[in-house]
Protein chains: 2
Amino acid sequence: MMNKIDEEVAKLLQLKAQLAEDEPHKFVLKTAKGTRDHMPAQMALREKVFSTIISCFKRHGGEAIDTPVFELKDTLTGKYGEDSKLIYDLADQGGEILSLRYDLTVPFARFLAMNKISNIKRYQIGKVYRRDNPAMTRGRYREFYQCVNHREILNGMFEFCGVPADSFKTICSAVDKLDKLPWEDVRKEMVSEKGLAEEVADNINKFVIKKGGSELVTALLSDDLATNAAAKRGLEEMRLFFEYCDLYGITNKVSFDLSLARGLDYYTGIIFEAVLTDDGQPGETVGSVAAGGRYDNLVGMFDAKGRAVPCVGISVGVERIFTLLEARALAEQAKLRTNETEVFVASAQKQLVRERMKICSELWDHGLKVEHSYKQNPKLLAQLQYCEERSIPLAIIIGESELQKGVVKLRKVATREEFEVPRDKLTTEIRNYLKNMSSQQERA
Amino acid sequence: MMNKIDEEVAKLLQLKAQLAEDEPHKFVLKTAKGTRDHMPAQMALREKVFSTIISCFKRHGGEAIDTPVFELKDTLTGKYGEDSKLIYDLADQGGEILSLRYDLTVPFARFLAMNKISNIKRYQIGKVYRRDNPAMTRGRYREFYQCVNHREILNGMFEFCGVPADSFKTICSAVDKLDKLPWEDVRKEMVSEKGLAEEVADNINKFVIKKGGSELVTALLSDDLATNAAAKRGLEEMRLFFEYCDLYGITNKVSFDLSLARGLDYYTGIIFEAVLTDDGQPGETVGSVAAGGRYDNLVGMFDAKGRAVPCVGISVGVERIFTLLEARALAEQAKLRTNETEVFVASAQKQLVRERMKICSELWDHGLKVEHSYKQNPKLLAQLQYCEERSIPLAIIIGESELQKGVVKLRKVATREEFEVPRDKLTTEIRNYLKNMSSQQERA
C-alpha cells in the first residue's frame, strides 16, 4: 500500500515537473525569506562579538563541540510543543527523513545520550532554522539584566490556582506571551481558546503580576502558595539561587518575574532571560538577547533506559545583538577595518608588476600581511586611494630610479609622509614602523 | 492542471502519513547519514586548522563574508552539471522552494550579482551539503602540491581531437574521473555511454597522459594542438602562470596535468587541485585537499543584463584535512587541550563552596580563566584529578586553617609543588606563575 502511494506520488510529481518546464520561467535574484547575506563590515563586527562571547565561555572552562545542521526528523519530534510547526523539513529524496535543527539544545541532548556523556561544560556556535517571521527591534541599548523564574514554581502556582494538570503546558505557553500581549488578551486565550475557568485565570493573574528580588521569594515562602509541594521546592531553589547571586555580586542585575514562562516544553527548573533595557530607562525592556534554563529530562528521552542527565544552559541570540550593534555603528558612523593588510606594494610606473610580485613574495615569506594591485599597470593614485579607503597603514612605492639605487619609498598612508628605505632592510624597517604606529594608537 | 496534481499529491501524502502513524515506531539514536558530531578534542584541532587557514587569507588581504545555508532552488539550478542530483532540497512547506547550498561558489556569484559587487577578495568558511557517500582515505601525509590545467586547453584539445562541441562538458566529466579510474574504464564511458567515436577517444588519450612543468607548455605551443585557437589562448595563459610561479618561488610545487578536468560546469580558465602526496613517495598522490579555478561567466548568469564579473577561487576541503590530522594525532597519541582554564579552585574540606565561589568571582573579575567543582562537597583527590586530566596548570587549595591565616595554597599541577600565597596577593602571584610557566614551555 505504502509503496503504491509512493509510486503514484512520484508519477504525479514528474508530470508536474514536465508541465513546469513548459511554462515561461522567471528568475528572481534574492536570498531565501528570513535570511540575509553578511558583508565584510558586518563580518568584522561578528568576529568581535563572537570572540567576546567565546572568551567568556573559555574564562569559565567551556569546551566547544559541533553537531550537524540537520537531524533525523524523529530526533526533533515532540520536543518543542506548539513551536514544532516552525521546523524546516528536508524533502524526501529517497533516504532518511531529515529536518534542519530548530535549536542547539535538542541536538545537544541527542549528542549526550548517543555518546554516553554525562558531564561536560560545552559551548556551541551555530545557526538554527525556524520558519517564522522575525521582527527585529532596533535601537541603542546599554544595560543588561536577567529575568528569572522557576518551572516548579509555575507548575505549583498552576496547581494551586486550579489549572487541570493536563493543561499546564498550554497555559504555560499562554503566560509566555505576557511580555508581548496585555493580560486581557492572554486571559482571552486561556478562557476562550484553551477552556480555562474564568476564576482560575483570575487566580493566575494575582501571581503573574509579581516581580522582585529575594524579598519576593521570602514573601512567597510565607504565602499559601508554599503549601503546594512543587511551588515550595521551586521557591527553596530560588532562595539558594539568590544566595549565589550575592556571592557573585550580581544580585542587582536579577529580577524574579513570575510571568516569565519560556515557551519550550523541555524546561524543568530555573528559567531565565537576559533582557536589554533602553539606555537611561532601566524599567523599559526592549527585547531578550539570551535565554535558557534547566532541562533535566531531555537527555533521558533519547536514552533507551531513560537515564537522566541533568542540564542547564543558556542560548545567546547573537543575531539580535548584531542587529543592535550594526544600528549603533551606523548611527556613530564608526569605521571597522574589514581586512588586516599591513603593507600595500604600489608601483609608480608601468611594467613593474614583476617587481611588485617579488617584493610581495619576500614580505609574505616573513609573515607580513601584504597586497598589491592585480592590474598590469595600475595608476599610482588609484593604488594610494585603495590604501586610504581600506585603512592600510603602510605603502611601498617602487619606481625605476629607486630600484636602480637599491631603495624603495615607504609611505605612511594616514599622514602621507614618505621615507627612503634600503631594499635589504625593508622587512626590519616595516616591522619597526608597524610597531611604532600601533603603540602610538594605544597611547591615543 | 498543476493545482489538480498538487491536490492529489497532498491527499496521497496524507494517506501515507496516516498509515505510517499506525505502524509501530522505532526510534533510532544516530546522526543523519554522512554527518558526524565533533568532540571537544576534534574542535580544538579544527580551531587550529581554521586559524591557520584564516591567517593565510588575511596575509593576502582577504575579507570575510557570509551567505545563508539555503538558497532558492532556482539559484542552484543549471550550475553543477551531472552533480545536480546530489543537491539536498527542502520540503515544500508552503513557501519558497529552497535547497541547501552545494558549494560556496554559486551562492557567492549570486551574492556578487545581487549586491552589484565587481571587486572583492573574499573568503568564506561554511558547511556545504551533498547527497553522496564520502569515502575518507586516511593516512599520514606531509607534502602538498598543486595540479594545474586550463579549461581552454581542454576545450581546444577536445575540438582538436574531434569531439563534437555539444559533448565537451560530458566528455570533460569523463576525463575528470581519470584520477580514480584507469583509462580503459574512462574510454568505455566515452565510447559506449556517451557515443564518442573510438578514434576520437584514442586521440584524447595521447594528450591526457601528459604532465610536466613549463617545458610541457613550451612543447605544446610548438605542437599541432596550438593551431587550435582555444588551446593556444590557454597555453599562453599557462606560460604566464608559470612565469608568476617562478616569481613567487613555487614552481617546484606545481605540475601541469592535462588529465585534470574538474567536474563542475562553471570553470572557464585555469583549474587546479592541491594534492597531498604520501610521505616520502612524492609520486603517489592520496587525495585532493583543495581545488578551484577561474569562472568568468557564473556571475553573469545571475545578472539581468548578463554583465560578467571575472572570478578565480579556491576551496579548501577542511573535512579531509581534519580526518588526516585526527588520524595523525591518534597515531602520535598527541594530547590537545580542549579548554583554556588557568586556575582550578579546590577545597580540602566540606562546607567551603561559598568560599570557592568568592575566590572564583574575584579571579574572573580580573580576567583569569577559572573553574571550580559544581558539587557541594567534592573530594580533594577528585578535584586534583580533574586538573591533571585537563592539563589545568594551577590549582588553588583552600581549607579552614588557611582561610583563618589569610592565605591559600597554590599548587603547580604538573609538578605537584605547593606554595602558600597571601590571600590579598593572589591575583598577582597567579599571573607571575602563569607567565613563568609559559616562558619555560617556550624555552623547552
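Things worth noting here:
- Using a simple spin-label model with pseudo-atoms 7 Å out from Cα toward Cβ, residue A:375 and residue B:377 lie 7.8 nm apart.
- Taking N as the residue count of the range A:203-359, its C-alpha radius of gyration divided by 2.2 N^0.38 Å amounts to 1.72.
- Restriction of the trypsin sites (Lys or Arg not before Pro) in the range A:402-444 to DSSP coil positions whose beta-carbon has at most 12 other beta-carbons within 10 angstrom yields A:416.
- As an equivalent ellipsoid, the range B:293-444 spans semi-axes of 50, 19, 16 angstrom, where each value is the square root of five times an eigenvalue of the C-alpha gyration tensor, largest first.
- Average projection, convex hull of the Cα set of the range B:140-274: 8.5 square nanometres.
- Label 7 Å beyond Cα on the Cβ vector: residue A:391 copy-to-copy distances, nm: 3.5
- Inter-chain neighbour count for B:53-64: the average number of beta-carbon atoms from partner chains within 10 Å of each residue's beta-carbon is 6.
- For chain A: relative contact order, % (alpha-carbon pairs under 8 angstrom, 6 or more apart): 13
- Here's how it looks for residue A:150: its modeled amide H is under 5 Å from those of A:271, which are all 5 or more places away or on a different chain.
- Using the alpha-carbon positions of the range B:29-73, Rg (one decimal) and Dmax (whole number) come out as 15.2, 45 Å.
- Taking 29 Å as the limit for the C-alpha separation, the pairs A:33/B:11; A:369/A:409; A:335/B:369 exceed it in the case of A:335/B:369.
- Spread of Cα-to-Cα distances over 10 Å intervals beginning at zero, given as percent, for chain A: 4, 15, 20, 19, 15, 13, 9, 4, 1, 0
- Prolate/oblate/rounded label for the range B:344-426 (Cα gyration tensor, a/c 1.5): rounded
- Simple rule: put +1 on each Lys or Arg Cβ and -1 on each Asp or Glu Cβ in the protein assembly as shown, find the dipole, and look at A:129, A:421, B:338; the Cα lying farthest toward the positive end is A:421.
- Distance in nm between pseudo-label sites at residue A:440 and residue B:115 (7 Å out along the Cβ direction from Cα): 3.2
- Inter-label distance for residue A:36 and residue B:197, nm, one decimal - labels placed 7 Å from Cα along Cα-to-Cβ: 5.9
- Only the Cβ atoms of Lys and Arg (+1) and of Asp and Glu (-1) were treated as charged; on that basis the dipole of the protein assembly as shown about its Cα centre amounts to roughly 2320 debye.
- The residue among B:115, B:312, B:62 whose Cα reaches farthest toward the positive pole of the charge dipole of chain B, with charges on the beta-carbon of Lys, Arg, Asp and Glu, is B:62.
- Neighbouring Cβ atoms from other chains, within 10 Å of the Cβ of residues in B:75-84, number 1 on average.
- Length available on full extension from residue B:326 to residue B:185: 0.36 nm per residue minus the Cα-Cα distance, which gives 47.4 nm.
- Copies compared at residue A:182 - label distances in nm, ascending, label defined 7 Å from Cα in the Cβ direction: 8.3
- For the range B:322-384, the equivalent ellipsoid derived from the Cα gyration tensor has semi-axes of 32, 16, 7 Å, listed largest first.
- Most fluctuating residue given options B:275, B:407, B:28, as computed from a GNM of chain B linking Cα atoms under 10 Å: B:28
- Over 49 Å [Cα-Cα, the protein assembly as shown], rounded percent: 34
- The range A:158-213: radius of gyration over Cα atoms, expressed as a fraction of 2.2 N^0.38 Å: 1.04
- Rounded FRET efficiency, nearest 0.05, which uses the C-beta distance separating residue A:337 from residue B:424 and R0 of 35 Å: 0.25
- Bins of 5 Å, starting at 0 and running to the largest distance - Cα pair percent for the range B:191-250: 4, 15, 20, 21, 15, 12, 7, 3, 2, 0
- Ranked for footprinting exposure by Cβ neighbours inside 10 Å, fewest first, A:69, B:299 give A:69, B:299.
- Rounded to the nearest 20, the Cβ-based charge dipole of chain A about its Cα centre (Lys and Arg +1, Asp and Glu -1) stands at 1780 debye.
- With R₀ set to 25 Å, the beta-carbon distance separating residue A:314 from residue A:166 gives a calculated FRET efficiency near 0.25.
- A Cβ-based charge dipole, computed about the Cα centre of the range A:138-263 with Lys and Arg at +1 and Asp and Glu at -1, lands at about 580 debye.
- Rounded Å value of the spacing that divides the Cα centres of the range B:309-344 and the range A:156-216: 50
- Each copy carries residue A:354; placing its label point 7 Å along the C-beta direction from Cα gives inter-copy distances of 8.0 nm, listed from smallest up.
A short reminder: the numbers here are calculations on the coordinates, not readings from a lab. From a predicted model like this one, the values you see are computed outputs, not experimental measurements. All Cβ positions, even for glycine, are placed from backbone atoms using ideal geometry, and neighbour counts span all protein chains on display.
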